[in-house]
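What follows is one structure encoded as structure tokens, with my remarks underneath.
Readers should treat all values here as calculations from the given coordinates under stated rules, not as data from a laboratory. The shown structure was predicted, so the numbers you read here are calculated from the model rather than taken from an experiment. FYI the Cβ positions are ideal-geometry reconstructions off the backbone, even for glycines, and counts take in every protein chain you see.
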Amino acid sequence: MECQRSVSRRSAEIIAGNEDLLMEIILLLPAKPLIKSQLVCKHWLSIISTPSFSHRHTRLFRRRPKPQQSFILRTIQSQFFYFSPICKVFHPFPFSSPYTRILQSCNGLLLIESRNSKYGQKYYCVYNPITKKSRIVWIERSDKNKKRYISGVSLAFDPKRSIHYKIVCVMATELFQPDYFVDVYDSESHEWTSFGTPFPSDINTIFTNAIYWNNRVYWIRPTSKSFYLDLQTGNVGSAPDIRTPSRKHGEINKNYVMESNDHIHYVSIYLRPHMKYLLVFELLDDNSGWFELYRVNLNPISAAFPEMNVQVGVLGIVRGETEEESSVLLHVPGKVILYKFCDCSFEVVLDLTKSEIYKEDQLQFSRYDVYQFIESLAPV
Amino acid sequence: MVTTDEKGPLTAKKKSVIIRSCDGDEFLVSESAAVLSTSLKKILEEKEDRLIHLSDIDNKTLAMVIAYLSTHADDGLSDDLKRSFDQEFVSGKEFDVLKYLVLATDTLQVTCLCYTVAKKMADIMKNKLVEWVRREFDIQNDYTPEAEAEIRRLDAWAWDDRQLEDD
């Protein structure tokens, strides 16, 4: 027995001392367990923190199973939290500047708008919440001495394509009936390229809350025309219109555009005192239309949670590996409820009624304050 | 002792090699299976000797690697069958066994199997406590309690996990 144990210790020692082999093993760990592996010993920390490790880890993402979906939530009072509905973990997730706004979460990187003081100059940075590394991206506001206004900044990052990212900045020449210029920053060359004025001149939209998908930046608007910019060709196209049931008299209707595990969803909720339901659409891969994925009768949930009659919101879609594991996160005052599409079951995954952020009859998170949290060591 | 490999009887036409483990047992393996290991292939190219002695791979581990090589050298099996064999191969194996396997496949340079085993190891490790990982890799914690607390504090969100296992 003693002999066997010493042999087993030897194998452990050899692996631990064989840096190449050890690296092959730990490269296959998802980012969150890797954060914890830094604590194994200083040697492991030094391996994991090298830039070459994070480059390889980002490139190898396809070989690792998709991690369970989690989110970053921002409360009405501007506090950030990490939230995993599957593990039921809810934990503060502070940023270095209190004047921080997340503009977009894109495959592991965050686009952040920040100020050093309450009325300080706004700046933009790309931030990896796992490695805590960030890069400030300076946007040139003037063009040939003409001032331009930033209409929207978005991030395009997809490790399937490249470990480098792009920043797409839409700028207006003036506030009324402007021309919109597009400049694109590439993190590989650290240079800006002008995409000119690709949008139709009569365009009437806002360039916030962008979604990067299939190498296009989408600006999806529930009630007006939606556009995308193709980063390969530089062309602008329109996204299909969304046909949802028209609102009946006395009915409240809320619409959400959200991403989940590389899919774009459109979620519509309809509320009447005795009839509540939810529709989930998905944008088809070829951009040809919206497909109705789920139709959910919310009455059983509102019977169990009468708070729903006061306020309700949708926080996100959680897509599992299989269709059976997919669910939606509903938010009522003080609670987050996970509803499974396959068997119509639901449970409270977050109860804040005893927390200090709870206020009676109020939602704690607004619709624009939910971001996908995707674990990645992607360099910034 | 000579153990023939399980896949089909050896015919006179088929070239074969004998591989000896560190415990002294010998395995008769078809050359087509042996050359799937880059290291064995090199040895066979360099010398005429049909007996290869592996001084750091034990019986049990070598038998498993040879079963893998023979299966993958079998032209009668479809790629699908080989893939499901690979999945079966690592499923349910203890971490200790995987450690020997990963070392053996690294020594023998059987890249595909090395990757399959490493992936299985990572799969087990991802839900384990740091203390478990240290034990399994025989690593001494060289952080001071203060440094350890500081690292935990910096990524407190990542540590708030109720699903980690210690066995």
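Normalised by the number of residues in chain B, what is the relative contact order in percent for Cα pairs under 8 Å and 6+ residues apart? Taking the mean separation of contacting Cα pairs over the length of chain B, I get 18 percent.
Counted by Cβ distance under 14 Å from A:V137, the other residues give a net charge of -1, where Lys and Arg count +1 and Asp and Glu count -1. Going by neighbour counts of Cβ atoms within 10 Å, the residues A:D369, A:D343 line up, fewest first, as A:D343, A:D369.
Membrane-span-like helices of chain A, defined as complete DSSP H segments with a Cα extent of 15 Å or more along the helix axis and a mean Kyte hydropathy of at least -1.0, are identified as A:2-17.
Applying the Karplus relation 6.51 cos²θ - 1.76 cosθ + 1.60 with θ = phi - 60° to segment A:296-308 yields 3J(HN,Hα) values of 10, 7, 8, 4, x, 6, 5, 5, 7, 10, x, 4, 4 Hz, where x marks Gly and Pro. Considering only alpha-carbon pairs that sit under 8 angstrom and 6 or more positions apart, the relative contact order computed for segment A:258-380 is 17 percent. Antiparallel beta bridges, as assigned by DSSP with both residues in the protein assembly as shown, represent about 95 percent of the total such bridges. Spin-label model, A:S194/A:H55: points 7 Å from Cα along the beta carbon direction are separated by 3.3 nm. Listed by Cβ neighbour count within 10 Å, with the fewest neighbours leading, A:F83, A:F195 appear as A:F195, A:F83. Listed by Cβ neighbour count within 10 Å, with the fewest neighbours leading, B:W132, A:W44 appear as B:W132, A:W44. Considering only Cα atoms, the convex hull volume of the protein assembly as shown works out to 207 Å³ per residue. Measure nothing but the geometry: give the 0 to 90° angle between the long axis through the Cα atoms of B:145-154 and the longest principal axis through the Cα atoms of chain B, rounded to 10°. Here the helix axis deviates by roughly 90 degrees. For trypsin sites (Lys or Arg not before Pro), the sites in segment B:94-167 that DSSP calls loop and that have at most 12 other Cβ atoms within 10 Å are B:R162.
Shape of segment A:234-380 from the C-alpha gyration tensor: oblate (a/c of 1.5 or more and a/b not above b/c, with a ≥ b ≥ c the square roots of its eigenvalues). Qualifying trypsin sites (Lys or Arg not before Pro) in segment A:204-291, where qualification requires a DSSP coil assignment and no more than 15 other C-beta atoms within 10 Å, comprise A:K225, A:R243, A:R247, A:K248. Here the simple spin-label model places points 7 Å from the Cα toward Cβ, and for A:K340 and A:A303 these points are separated by 2.0 nm. The mean sequence distance of close C-alpha pairs (under 8 Å, at least 6 residues apart), as a share of the length of chain A, puts its relative contact order at 15 percent.
Counting only residues at least eight positions apart within a chain, or on another chain, the aspartates and glutamates with an alpha carbon under 19 Å from that of A:K335 are A:E307, A:E347, A:D351, A:E356, A:E360, A:D361, A:D369. Net charge in the neighbourhood of B:A122 (other residues with Cβ under 10 Å of its Cβ; Lys, Arg +1, Asp, Glu -1) is +3.
Straightening the chain between A:S246 and A:D285 buys 11.5 nm, computed as 0.36 nm per residue apart minus the Cα-Cα spacing.
Restriction of the GluC sites (Glu not before Pro) in segment A:277-343 to DSSP coil positions whose beta-carbon has at most 14 other beta-carbons within 10 angstrom yields A:E321.
Springs between Cα atoms under 10 Å define the GNM used for chain A, and in it the highest mean-square fluctuation of A:V332, A:V349, A:V310 occurs at A:V310.
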